[in-house]
Amino acid sequence: MKKSFLVMLSVLLLLPTLFITSFAEDEESLDTMAYMPRVMDSADLLTYEQETDLEGRIATIAEAYSFDVVLVTVTDMTGYSAMDYADNFYDYGGYGYGENRDGCLLLIHMDEDRGYWISTTGLGIEAMSDADIDDIGEAIVPYLSDGDYYTACLTFVDQVNTCVDVAVNGRGFQLKYLLFGAVVGLVIALLVLKVLKGQLKTVAPKASASDYFVNGSLVMTGGYDLPVGHHVARTQKQSQSSGSSTHTSSSGTTHGGGGGNF
C-alpha cells in the first residue's frame, strides 16, 4: 500500500513537468517558421546588410498575407535540375503557410549554366500565373546579368508582393468597380433612350404612303443585280490562358513555376 502511494505521488509530481514540456514543444512547432531564414545566400552574392533588408521585406509580406517568400543562391545544384532543386528546397525545408504551403521561392544558381527558377506553391500558384512568372523573369534577368543580385532580389520580392496583393484583395476591388460601371452604363443608356424618344414625338404621321414620296426621287433603270449568295468566313480566335501550369515534386506537393538563364 505504501509502495502504491509513493508511485502515485511520483506520477502526480511529474504531471506538471510533462505538461509544460508538451506545451513548450507545441509552441516551438508553431513558431518554427518564424526562426527559419528566408534568405539562404550560399553563393555569397549578397552582403549581410542586403540580406537583412530582404528578410525584413519578406517578413512584411508574411505578416500581411501569410505568404512565404524564400530566396536561395547556390553554386552547385548537386545534380538536380533547377526546378527539382527549388521545389525540394521549399518542401523539405518546411516553408509555406497554411495547409496549402502558400508561398514561393527564387533560386539563383551560379553553376556553368547560370540561371534562376521561381517555384510557387498554394496561393503562389494562383497569384503568380505563367505570364506573371515570365514578366518577373524579364524584370530580374537584366540585373542578374549585370551582377546586381541585390536589385534582382528586391525586384522579385516587390513583384511578388504586387501579385499576392491582387490575388488577395483584387477580386473585391474588381467586382466593386464592375458593378459601378454597369450601373453607370445603365443610367446613360436610359438617358439616351429618353432623348431619342423625345425627338421622335416631333414627327407627325402622314395620312397615306404617297405623302412620303417625293416626285422625281425614284429612277428605275433597265436592269439590276440580284445577289445569288453571301458567305462570311469566321475564324475562331484562341484565347490566351492566364492560368498556371503545375507539376508534382518528389514530396508529392503541387508546384507551379518557371525559369531561365542569364
- Task: Give, in nm to one decimal, the length gained when the segment between Ala131 and Thr78 is fully stretched (0.36 nm per residue of separation minus the Cα-Cα distance).
- Result: 16.1 nm
- Task: Determine which residues of segment 149-169 fall in the zone a paramagnetic label at Ala59 would reach in this model, i.e. backbone nitrogen under 15 Å from the point 7 Å along Cα→Cβ.
- Result: none
- If R0 is 41 Å, what FRET efficiency do you get for Thr52 and Val141 from their C-beta distance, rounded to 0.05? 0.95
- Note on the structure: Highest mean packing first, using Cβ neighbours within 10 angstrom, the peptides 65-75, 93-103, 141-151, 156-166 sort as 65-75, 156-166, 93-103, 141-151
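Any read-out appearing in this document is the output of simple, stated calculations on the displayed coordinates, not a laboratory observation. These numbers were taken from a predicted model, which means no experiment stands behind them. Every residue, glycine among them, receives a Cβ derived from its backbone with ideal geometry; neighbour counts consider all protein chains shown.
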